[in-house]
1. Quick one: which of Gly403, Gly399, Gly435 is part of a helix (DSSP H, G or I) and either under 26 Å from Gln497 (Cα atoms) or touching a residue at least 24 places away in the same chain (Cβ under 8 Å) (or both)?
2. Would you mention how many residues in segment 217-252 are surrounded by 15 or more Cβ atoms within 10 Å (Cβ to Cβ) and touching a residue at least 24 places away in the same chain (Cβ under 8 Å)?
3. Taking the condition of being more than 9 Å from the chain's Cα centre (by Cα) and assigned to a helix (DSSP H, G or I), how many residues in segment 128-153 meet it?
4. Exactly one of these conditions fails for Lys161: (1) within 25 Å of Ala108 (Cα to Cα); (2) out of contact with any Pro (no Cβ under 7 Å at 6 or more places or on another chain); (3) crowded, with 24+ Cβ neighbours inside 10 Å. Give me its number.
5. If only one of Glu287, Glu314, Glu283, Glu336 is of a type in the set (Asp, Glu) and surrounded by 18 or more Cβ atoms within 10 Å (Cβ to Cβ), which one is it?
6. What is the one condition in (1) at pLDDT 95 or above; (2) under 22 Å from Ala171 (Cβ atoms); (3) surrounded by fewer than 21 Cβ atoms within 10 Å (Cβ to Cβ) that Ala108 does not satisfy?
7. Condition test on Leu411, is it under 25 Å from Glu336 (Cβ atoms), hydrophobic (A, V, I, L, M, F, W, C) and modelled with pLDDT of 95 or more?
8. Looking at Leu252, Leu261, which is the one that is of a type outside the set (Asp, Glu), in the same structural domain as Gly166 (by TED's automatic domain parsing), under 30 Å from Leu319 (Cα atoms) and in a helix (DSSP H, G or I)?
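The values are calculated or read from the model by the stated rules, or taken from the named source; none is laboratory data. All values derive from a computational prediction rather than experimental measurement. Cβ placement follows ideal geometry from the backbone for every residue including glycine, while neighbour counts extend to all protein chains displayed.
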Amino acid sequence: MLRFAPVLVLICAPAALAQDADPPGEPLSAIDWLSDTVAPAALLAPGGIGAISDPGSRPTRQVPADEAPVTGGALPPEVTALPLGAVSPDPIGLLPPSVTGLPHDLWAGSDVDTLVTLIAADPVETLPAIRDFMVTMMLAEADPPLGAGPDGALFIARVDKLLDLGVIDPAQSMLQAAGADTGPLFRRLFDVTLLTGTEAAACAALMEKPEVSGTPAARIFCLARAGDWSAAALTLDVGTALGDIDPADADLLARFLDPELFEGAAPLPAPDRVSPLVFRMREAIGEGLSTVDLPRAFAHADLRDTMGWKTRLEAAERLARAGALDANVLLDLYTERRPAASGGIWERAAAIQALEAALAGAAPVEPALVTAWDEMSGARLQVPFARLFAQAIADEDLGGAAGPIAFRVGLLSDGYEAAALDATPADGREAFLVGVALGDVSAMTPRGMRESAVHAAFTGAEPPGPLTAMAADGRLGEALLRAIALFAEGVQGDPRQATDALALFRAVGLEDLARRSALQFLLLDPAG
């Protein structure tokens, strides 16, 4: 069976169960909420090959998760040559193979359009282990795919997936590493800096880079930020007269440039579409928008020190739940001060503070752990909780209701294998979980559909033939993206699909991913 080196999964901050606190329905993709900051004429690929559309908006076909590799003939696949001076950003990443364990040819045998489609289609609402591995894939250095061009379609798809996940700091680093000297790349970098409050450098680049021509709205924002109010006002007047700025944007820009002129006026109507640029200007005129109903990347704007404690806590919980924030940042916010009220988020902050005090010897640990676990489970923050407290809890001799909680916390932590070795299972279900953590359930009898699905994957079930063939044919990344989609179907109610995905992970040497995913599949089941 084909094997690759085990992967070191990048942990941004494992989240809890697949569902997030985001609004119901299909979440907006990054391409749907990016600001219009770059003029169409500036959407140029390097090397002088002419104007192109943003690769993030290219039409893509739906690719079945179990589609077998096919060929249209006996000729070798066409390899796209780049013009002289044109370099594709597709190979750029933050994590080398020595860190990820993924091979350099992760994408090399696959068609670029297929990969772009699969990356866009893979769910962002999934189990933490899968989501963290997806982030690792998006950040991996790897050779470009077939058909890669200077537009960097794969690179942009990877960045957009990071933005959809809310993992914006690594996305910003990726864009900076690529130079962000084309319209599509600069557009994304500009928006990330708007959300993190670091737009000074992006504005300077917009004004200085001849190859990136900003839209009137972007130029007005940057001129005003630099203190050149007269030039900003002139740009607004000219843009409005020429019809380059639509009325709604013109109203917002006018208030942004001279808020005192509109003092006492009725607030602007809610925008039909909120981009980071609109978001920041609304904030500047005192008509800020809540990030609760916006894509999760916007929640990073609420982490700034200028925001209130409750707002920062809510944003941190949302991002930690989605795996887009280090759990220690959440802990720092929980313990920043004493809650001034009760209920909801204040109860969680108080419970975490009480648990920290108990672990320091100020009170009994057992009741504090039960309360904290109940609060964090209710907010679907079990995995960040486990990352924070598993080791300290393991050092305690706990009984009663705290015992099973300590067992779960250990198996949801990074040290799940050590926790399993130290555990004394209380029943058959706990024994099965220990077997999964150690990678051996051969002597155990599964109970229920989920345990049966995991048992099959860990006792020799073969992964789907097409996926195995892809991995053996230099299309490992494509096979893994399809397996991620299969696993999502398994979580949603078809456990057989989870068996196929877990079997593929194990077949290609991703044992740690398989075990983490299986444990979360069992432990984070809403019914269990």
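1. Details: Gly403 fails: either under 26 Å from Gln497 (Cα atoms) or touching a residue at least 24 places away in the same chain (Cβ under 8 Å) (or both); Gly399 fails: part of a helix (DSSP H, G or I).
Result: Gly435 is the single residue among Gly403, Gly399, Gly435 that is part of a helix (DSSP H, G or I) and either under 26 Å from Gln497 (Cα atoms) or touching a residue at least 24 places away in the same chain (Cβ under 8 Å) (or both).
2. Qualifying residue count, segment 217-252: 12.
3. Narrowing segment 128-153 to residues more than 9 Å from the chain's Cα centre (by Cα): 128-130, 133, 136-153.
Now drop any that are not assigned to a helix (DSSP H, G or I), which leaves 128-130, 133, 136-139, 153.
Total meeting the criteria: 9.
4. (3)
5. Working: Glu287 fails: surrounded by 18 or more Cβ atoms within 10 Å (Cβ to Cβ); Glu283 fails: surrounded by 18 or more Cβ atoms within 10 Å (Cβ to Cβ); Glu336 fails: surrounded by 18 or more Cβ atoms within 10 Å (Cβ to Cβ).
Answer to the selection: Glu314.
6. Here Ala108 meets the rest and fails (2).
7. Working: under 25 Å from Glu336 (Cβ atoms): no; hydrophobic (A, V, I, L, M, F, W, C): yes; modelled with pLDDT of 95 or more: yes.
When the stated conditions are applied, Leu411 does not pass them.
8. Values: Leu261 fails: under 30 Å from Leu319 (Cα atoms).
After ruling out the rest, the residue left standing is Leu252.
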